[in-house]
Amino acid sequence: MNESRRMENPDRPAGPNEIERIDRDHVFSTWSFQSDANPTQIVDADGVRFTDAAGNEYLDLSGQLMCTNAGYSAENVAAAIAEQAESVPFVAPASFTTEARATLGKKLAEITPGNLTKTLFSTSGTEAVEAALKIARFYTGKHKVISRYRSYHGATFGSISVTGDPRRMAAEPGIPGVIKAPDPYAYGSTLEPMESLEYIDEMLMLEGDTVGAVLVEPIVGSNGILVPPDEYLPRLKEIAHDHGALLICDEVMSGFGRTGEWFASDLFDVTPDILTMAKGLTGAYQPLGATIVTDEIAEYFEDEMLTHGHTYSGHPVACAAGLAAIETYEEDGLVDHAREVGEYLGDRLAELAADHPSVGDVRGTGLFHGVELTRDPDERVPFGQREDKVSKGTTVVDEVAANAREEGVYLANMINTLIIAPPLPITESEIDEAIAALDIALEVSDRAMDRPR
């Protein structure tokens, strides 16, 4: 049956290959050369596993895109979505409100650090960052922003401009006033993490009184799972404030229990001036982003217009999902569980590294770890280069992830790092299962250490 007949007969069930072909022909795949796009149809999910149309089951070791924090069986989240959709599915956000939006805003003020108190809702992490950038510029009257090279903040024009990873380059020159700083990358940088802070301090001094904000992921996510020293983030906030700049923490990936605390900022006892979130906010059951600010910033906009908004800001169904997801984290003790089982995960990954010479570094906290691979552990030569992210072809790191998938474990990877960020309900026995698959998959990189580059 050809595609035109398929579209005319929607009641006839389609086979997996047909659905995948229709998808490829009529839907763009993101961050891809379209000729390379090969999406797999997923038909079911439960717990920390999902199943494709061919019946293959995978343990989700990366939370899809580091976002399925609540797992796939949060029944109260699904129920909250249905109930809200049946009662009030939408209201105009500037004219009306709903209990779901108001209650979620209050709840976020309770669980976020310090005096963060007022939230602007959007539909994604990139929109949350866009809002943070505009709020910082409105509040400070300064247009420049310092971000870091190993970072990802989103795909819209502002957020891709402050992103450091090579995917930003196709969108350049981007928005003006963005300056990149070095990262707290102990394994692969010539600067020690605290030395990179001195560099940022000097950057702020040399830029004069023109920088409105310093934007960072407290723990860098897809660009390597970079965990800074305990004193890094507190000192960064001091440096920013010394130069009249705000500190924005992008917690889109690191929030909602991922690190064993509600937010990575909590690990370092720091309250940023602005905090962005998405992903785990609803456990990925609905698209929802949020930008929360301190009471001082909130007070500023009492008599200054907030010239920003979205049609779907505070969407009732998404907010209902967010509130139910937070209740799930609380009632099921998932934040504490992530911290406890995360220690077990770290121990198992360290054991794995000891058995595989191609593992150069293992780092992380809670259920947020990275495994960085190397051709040469002494010289720290990476398998993947930054330019590989925007090039055709398959890297050794891609091959490792593909091999893990053949063993029944889905694993995301970015440049030279395998990203370990499973749903929070994962158990120790499921971690053991994933480690066994990784043990086999890493044989690929071990064999490739002597392969010509």
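In table form, for the structure just shown:
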read-out	value
Residue in region 393-411 that is assigned to a loop (DSSP other than H, G, I, E, B), open to solvent by 30 Å² or more (accessible area, probe 1.4 Å) and at pLDDT below 95 present	yes
Residue check for Ala284: of a type in the set (A, V, I, L, M), in contact (Cβ under 8 Å) with a residue 24 or more places away in the chain, open to solvent by 10 Å² or more (accessible area, probe 1.4 Å) and closer than 16 Å to Ala78 by Cα	yes
Ala155 assigned to a loop (DSSP other than H, G, I, E, B) and within 30 Å of Pro316 (Cα to Cα)	yes
Pairs where the first residue, in region 64-87, is on the phi < 0 side of the Ramachandran plot and the second is open to solvent by less than 50 Å² (accessible area, probe 1.4 Å) and among the polar types (S, T, N, Q), C-beta under 6 Å, 6+ apart	Ala70/Thr328; Ala74/Thr328
Where a residue in region 152-164 is of a type in the set (S, T, N, Q) and its partner, wherever it lies, is surrounded by fewer than 21 Cβ atoms within 10 Å (Cβ to Cβ), with Cβ under 6 Å and at least six apart	Ser161/Gly174; Ser161/Ile175
Number of the exception - Glu172 against (1) of a type in the set (Asp, Glu); (2) out of contact with any Lys or Arg (no Cβ under 8 Å at 6 or more places or on another chain); (3) in contact (Cβ under 8 Å) with a residue 12 or more places away in the chain; (4) closer than 30 Å to Thr190 by Cβ	(3)
Residues satisfying the stated conditions in region 17-37, i.e. under 22 Å from the mean Cα position of the chain (by Cα) and either farther than 22 Å from Gly393 by Cβ or assigned to a helix (DSSP H, G or I) (or both)	none
Selection status of Leu247, closer than 19 Å to Ala131 by Cα and touching an Asp or Glu at 6+ places or on another chain (Cβ under 7 Å)	yes
Residue count, region 52-64 (criterion: surrounded by 15 or more Cβ atoms within 10 Å (Cβ to Cβ) and within 21 Å of Ala437 (Cβ to Cβ))	8
Within region 320-357, considering residues that are over 20 Å from the mean Cα position of the chain (by Cα), under 21 Å from Ala437 (Cβ atoms) and of a type in the set (Gly, Ala, Ser), the one most open to solvent (accessible area, probe 1.4 Å)	Ala354
Members of region 39-54 found to be closer than 18 Å to Glu407 by Cα and under 22 Å from the mean Cα position of the chain (by Cα), listed by number	Thr40, Ile42, Ala45, Val48, Arg49, Phe50
Subset of region 412-441 that is part of a strand (DSSP E or B) and in contact (Cβ under 8 Å) with a residue 40 or more places away in the chain - its residue that is nearest to Glu340 (Cα to Cα)	Ile420
Candidate set from region 444-453 (those that are assigned to a helix (DSSP H, G or I) and free of Cβ contacts under 8 Å to residues at least 60 places away in the same chain); member that is farthest from Arg49 (Cα to Cα)	Arg447
Test: residue in region 374-382 that is closer than 30 Å to Asp46 by Cβ and in contact with a Gly (Cβ under 6 Å, 6 or more places away or on another chain)	no
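The values are calculated or read from the model by the stated rules, or taken from the named source; none is laboratory data. In this text the structure is predicted, and so the values were computed from the model without any measurement. Cβ coordinates were reconstructed from backbone atoms using ideal geometry, including for glycine residues, and neighbour counts include every protein chain displayed. Keep in mind that these areas ignore ligands, DNA and RNA; they rest on the heavy atoms of the full protein, side chains included. Shrake-Rupley method; radii C 1.70, N 1.55, O 1.52, S 1.80 Å.
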